[in-house]
Amino acid sequence: MQVLTFNFFLLSIVGVWKPQGWRGIKATIYSIYQTIIIILNHLFLLSLLLDIQFKNIKIDNLALIFILLIIRQKIVCIVGNCPGIKHIIVSLKKSPFKLEDSKEEFIFLRFEKIARNIITYYPMIYISNLSVQCTGFIAAMDPPYALPYNGWFPYNYTRTSKTYWATAVYQMLVAFTMGSINAISDMLLPCIMCYMCGHIHILRYRFRVMTEKLRIMSDNNEPEDEIISTEQKLIADWVKFHIDILNLFKYTNKIFSTVIFMQYTISSLVLCTIAYLLSHMEPMTMGFAGNFGFLTAMFIQILLPCYFADKLTFEFLDISTGIYDTNWYHLSNNIRRSIVIILRKTYRPVTLTSGFFIVLSLESFTKVIKLAYTIYNVLE
């Protein structure tokens, strides 16, 4: 769970997650800092919206508005669902999710390593693409007339050099801060799904351990009453673990469903607008490089949660295979009948959804890319 701890530390730096245990003056100062971050995001978004000219819509500004809307929803999700996210983290640390032996620790470390790779490499890729994008916008500056980003301001920023540079620095600072929030918040859901995959592997391991323990008790000719009592307790604990994983998955889906909806309804528009913009730019310019970096970051941003949601769905479906691979036939007839019911439940796909039509998977990722290409063809 060290990966999630570091993730929340990064979220605290960018102002959307109050550090646990902060009270009094510390909490007050952080609340002020968090309010400033939220206000800056809304002011930047408002500036871009007020600058829209319906007779001459700028594609790059339109794409940036879409991204800021997604970031706004991510901030609302994390800040508004802080108790719920804490509940998920606490649940992953206590029974029945608590690791019981060295083998479970070994299984969990495999997925901890995957989560660590996410939090190591994804920000590097995203921030580097964001830096290229910012560089492209900086190259388009024309002091004191053209700012990095087109926007409306209630004052004349071309009046003096100081006013212009103060406005330009404000825009670049907010853009980089919002990009950082976007990158860090993107890692939260994939890391949680990665940990859930680890616990599903542990669930399958515990079933194998349970059947092996009961077989040994039967081979040692222990009293039948004791075997039945142990069998019932072990299967009850296993079923509880399975139900707790399902409930935690549903709870996670409920918290992040709005973000999923926003991400996958707007992403296709963003991808097609940036692709349209790139098709009308000179390839060897900083503006082209900046928008290409923007497109790459968006592509990875959509792919990451889709991949881990797809992996989590297959891990749930693979529970039945894990049960079949054990000595389940050593169990009593009553328990075997119970296992049939359990297997029946595992055949139903468990998917991360939003509403009734968005399902997070690699197939949905392909659909987003196809939709973006279709819209791009219409624009052309």
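Each value in this text was obtained by applying a stated rule to the coordinates, not by laboratory testing. Given the structure is predicted, the values throughout are model-derived calculations rather than measurements. Every residue, glycine as well, gets a Cβ built from its backbone with ideal geometry; the counts of neighbours run over all protein chains shown.
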*For the range 95-199, calculate the relative contact order in percent as a whole number, restricting contacts to Cα pairs under 8 Å that are 6 or more residues apart.*
42 percent
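About the Cα centre, and with charges only on the beta carbon of Lys, Arg (+1) and Asp, Glu (-1), how big is the dipole of the chain? Nearest 20 debye, please.
In total the dipole reaches around 820 debye.
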*Where a Cα-Cα gap under 20 Å defines reach, which aspartates and glutamates qualify for residue 213, not counting those fewer than 8 residues away within the same chain?*
100, 101, 104, 105, 222, 224, 225, 226, 231, 237, 325
*What is the packing order of peptides 145-156, 305-316, taking the mean over residues of other C-beta atoms within 10 Å and listing the highest first?*
305-316, 145-156
_Top positive-direction residue, dipole computed over the range 74-225 with Cβ charges, set 150, 205, 82_ = 150
*Computed label-point distance, nm, for sites residue 152 and residue 307 using a 7 Å Cα→Cβ extension*: 4.2 nm
_Net +/- balance of residues flanking residue 219 in space, Cβ distance below 15 Å, scoring K and R +1, D and E -1_ = -3
*Taking the Cβ-Cβ separation of residue 116 and residue 145 as r and a Förster radius of 41 Å, what is the calculated FRET efficiency to the nearest 0.05?*
0.30
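What full-extension length gain, to one decimal in nm, is calculated for residue 159 and residue 240 as 0.36 nm per residue of separation minus the Cα-Cα distance?
22.3 nm
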_Give the lysines whose C-alpha is closer than 26 Å to that of residue 86, dropping any in the same chain fewer than 8 places away, or say none._
18, 26, 74, 94, 98, 113, 240, 250, 254, 311
*Set Lys and Arg Cβ to +1 and Asp and Glu Cβ to -1, take the dipole of the chain about its Cα centre, and tell me which of 192, 306, 173 lies farthest positive.*
173
*For the residue pair residue 340 and residue 314, what label-to-label distance in nm results when each label sits 7 Å from Cα along the Cα-to-beta-carbon direction?*
3.1 nm
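Can you give the relative contact order of the chain as a percent, counting alpha carbon pairs under 8 Å and 6+ residues apart?
On the way: 379 pairs, mean separation 88.3, N = 380.
About 23 percent, as a whole number.
Arranged from highest to lowest average of other beta-carbon atoms within 10 Å per residue, in what order do the peptides 268-275, 31-38, 317-324, 216-223 appear? Can you show the working numbers first?
On the way: 268-275: 22.4, 31-38: 14.1, 317-324: 15.6, 216-223: 11.2.
Those peptides, ordered most packed to least, come out 268-275, 317-324, 31-38, 216-223.
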*asked:* Can you compute the FRET efficiency between residue 232 and residue 89 using 1/(1 + (r/R0)^6), with r the Cβ-Cβ distance and R0 = 35 Å? Round to the nearest 0.05.
replied: 0.65
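May I ask you to compute the full-extension gain from residue 224 to residue 30, defined as 0.36 nm times their residue separation minus their alpha-carbon distance, rounded to one decimal in nm?
Working: separation 194, 0.36 × 194 = 69.84 nm, distance 6.13 nm.
The residue 224-residue 30 span can extend by a further 63.7 nm.
Sum up the charges of everything whose Cβ sits under 15 Å from the Cβ of residue 108, counting Lys and Arg as +1 and Asp and Glu as -1, but leave residue 108 out. Provide the component values of the computation, followed by the final result.
Details: positive: 93, 94, 98, 103, 110, 113, 116, 204, 206; negative: 100, 101, 104, 105, 112, 315.
Local charge sum for residue 108: +3.
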